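Okay, structure first, notes after.
The values are calculated or read from the model by the stated rules, or taken from the named source; none is laboratory data. Note that the structure is a prediction, hence the values are computed from the model and not measured. Cβ coordinates were reconstructed from backbone atoms using ideal geometry, including for glycine residues, and neighbour counts include every protein chain displayed. Areas reflect the complete protein model, heavy atoms only, side chains present, ligands, DNA and RNA absent. Shrake-Rupley method; radii C 1.70, N 1.55, O 1.52, S 1.80 Å.
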Amino acid sequence: MKAAIVGCGNIAAVHAKSISLLDGVTLTAVSDIKMDRAERYEREYGCRACDSLEKMLEEERPDVLHICTPHYLHVPMAQYALKKGIHVFSEKPPVISEEQLTCLEKAVAEGPGRAGFCFQNRYNPSVLFVKKLLASGKAGKVKGARGIVTWHRDAAYYTESGWRGKLETEGGGALINQSIHTMDLLGVFLGKPVSVEAQTANHHLPGIIEVEDMMEAYIRYENAAACFYATTAYTEDAPPLIEISCENVVIRIEELDVTLLWRDGRREKPEIDRKKALGKSYWGTGHLDCISDFYRCLRTGERFAQDLDGVRDTVRLMLGAYESANCAGKEIRMKK
């Protein structure tokens, strides 16, 4: 299969490396409006550098397009490729607004290309271990959970990008950019979200960014609830924490580490596969497995678990959290 990447920023490097490790897949072209960035990939991977998406798709005709561009471009680029019959593998977030979600749903339904979305942390060995533990019944009933992300983003992170920090192009801040994966994993463990109450603030960069640097939320699921907190005003990029309170055990996940605090007093740290991350450690170790699984599903015709149906609950929860925050913390119930 022929693969192409649009957007040659930091995360594209992880996609390019992953593609290079797949049998039967070749990175044939990359595109970016800044040709110097595309040309770096051309030199490293022997692919063609282009200065526009349209030119790349028309002349190279790839089977799969990896979308690694600023948030606001994800949907229009996916629409363009899917209509041409090119499969799309898109970075998060899938959308930045309700309007974009409607457009994406229409594009996916009409195809003929297929779409997948990069929620790579679902493939982290620690996450897979905990999913298996919960399914075994040993942990007992899930009572609730918490997800905490405390990272650092300074003014330059936003002002030097040209698109971050602006509602129109980023769609939000600490949630949509830094902690959507943690919110997604809460759903992996707790199931379908029912409603959300949320509040946002901009504590450390007022006047510099339009988006939030903090969000706190209370999320109700069908059989439990979760407390969620995310900030980019901390001084470090600390490992995100997910803690699941169960009848028999409290489970803590921090990147690849899992700690089991059994109700009988035992403290256990199971041995987890220490896969190496292709990018920053807090991006998780699942990119290669996620991308590989997408290509496997394209070959076999199987449904990819992270197609639009597979991530819609997370998308609606994210949009609901922003809607709630814009309505002074009003409870927003998820659309069916």
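Among the listed pairs K166/K335; K17/K275; K131/K192, which are separated by more than 21 Å between their Cα atoms?
Details: K166/K335 27 Å; K17/K275 15 Å; K131/K192 15 Å.
The answer is K166/K335.
Viscosity 1.002 mPa s, temperature 20 °C: what is the translational diffusion coefficient of the chain from Stokes-Einstein with a Kirkwood Rh over Cα pairs, rounded to a whole number of µm²/s?
Numbers: Rh = 20.6 Å.
Translational diffusion coefficient: 104 µm²/s.
Between 0 and 90 degrees, rounded to the nearest ten: what's the tilt of helix 74-83 against the longest Cα principal axis of the chain?
Approximately 50 degrees, to the nearest 10.
How much accessible area does D36 have with a 1.4 Å probe, in Å² rounded to the nearest 10?
90 Å²
Compute the long axis of helix 98-110 from its Cα atoms, compare it with the longest principal axis of the Cα atoms of the chain, and write down the angle in degrees, 0 to 90, nearest 10.
Orientation of helix 98-110: about 60 degrees from the principal axis.
Using a simple spin-label model with points 7 Å from Cα along the Cα→Cβ vector, what separation in nm is obtained for E98 and R296?
It works out to 3.8 nm between the two label points.
Dipole size in debye (nearest 20) for the chain around its Cα centre, Lys and Arg Cβ +1, Asp and Glu Cβ -1?
1060 debye
Of the heavy-atom accessible surface of the chain (probe 1.4 angstrom), what whole percent is carbon and sulfur? Each step should come with its number before you reach the end.
Numbers: 7260 of 15050 Å².
Of all accessible area on the chain, carbon and sulfur atoms account for 48 percent.
Which lysines have a Cα less than 23 Å from the Cα of K83, not counting those fewer than 8 places away in the same chain?
Partners found: K2, K55, K92, K106.
Mind checking which aspartates and glutamates have their C-alpha under 14 Å from K330, skipping anything on the same chain fewer than 8 residues away?
Here the aspartates and glutamates satisfying the reach criterion relative to K330 are E197, E216.
Roughly speaking, what is the stretch gain from R43 to I208, that is 0.36 nm per residue apart minus the C-alpha to C-alpha distance, in nm to one decimal? Spell out each step's value before the answer.
Working: separation 165, 0.36 × 165 = 59.40 nm, distance 3.63 nm.
Additional length available on full extension: 55.8 nm.
Hey, what D do you get for region 130-248 in µm²/s if you plug the Kirkwood alpha-carbon radius into Stokes-Einstein at 4 °C and 1.567 mPa s?
Result for D is 85 µm²/s.
Between L167 and A109, what's the calculated FRET efficiency when r is the beta-carbon distance and R0 is 45 Å? Round to 0.05.
0.95
If one computes P(r) from the Cα atoms of region 42-165, what percent of pairs lie at distances over 23 Å? Please report the intermediate quantities before stating the final value.
On the way: 4019 of 7626 pairs.
Summing the P(r) tail past 23 Å for region 42-165 gives 53 percent.
Does anything in region 194-214 have its amide N under 11 Å from the 7 Å Cα→Cβ label point of E323, and if so which residues?
195-196
Could you please report the charge total around E110, scoring K, R as +1 and D, E as -1 over all other residues with beta-carbon less than 14 angstrom from its beta-carbon?
Working: positive: K83, K84, K106, R114; negative: E105.
Net of charged neighbours comes to +3.
Can you give the extra length, in nm with one decimal, that the chain gains between R61 and K141 once fully stretched, where that is 0.36 nm per residue apart less the Cα-Cα distance?
23.8 nm
Taking 0.36 nm per residue of separation and subtracting the Cα-Cα distance, what length does fully extending H152 through C227 add?
Once the chain is fully extended between H152 and C227, it gains 24.9 nm.
Round to the nearest 10 and report in Å² the accessible area of W262, as given by a 1.4 Å probe over the protein chains' heavy atoms.
40 Å²
Which value in deg cm²/dmol, rounded to the nearest 500, describes the helix-derived mean residue ellipticity at 222 nm for the chain, given -39,500 (n - 2.57) per DSSP H run of n ≥ 4 and division by the residue count?
One gets -10500 deg cm²/dmol as the mean residue ellipticity at 222 nm.
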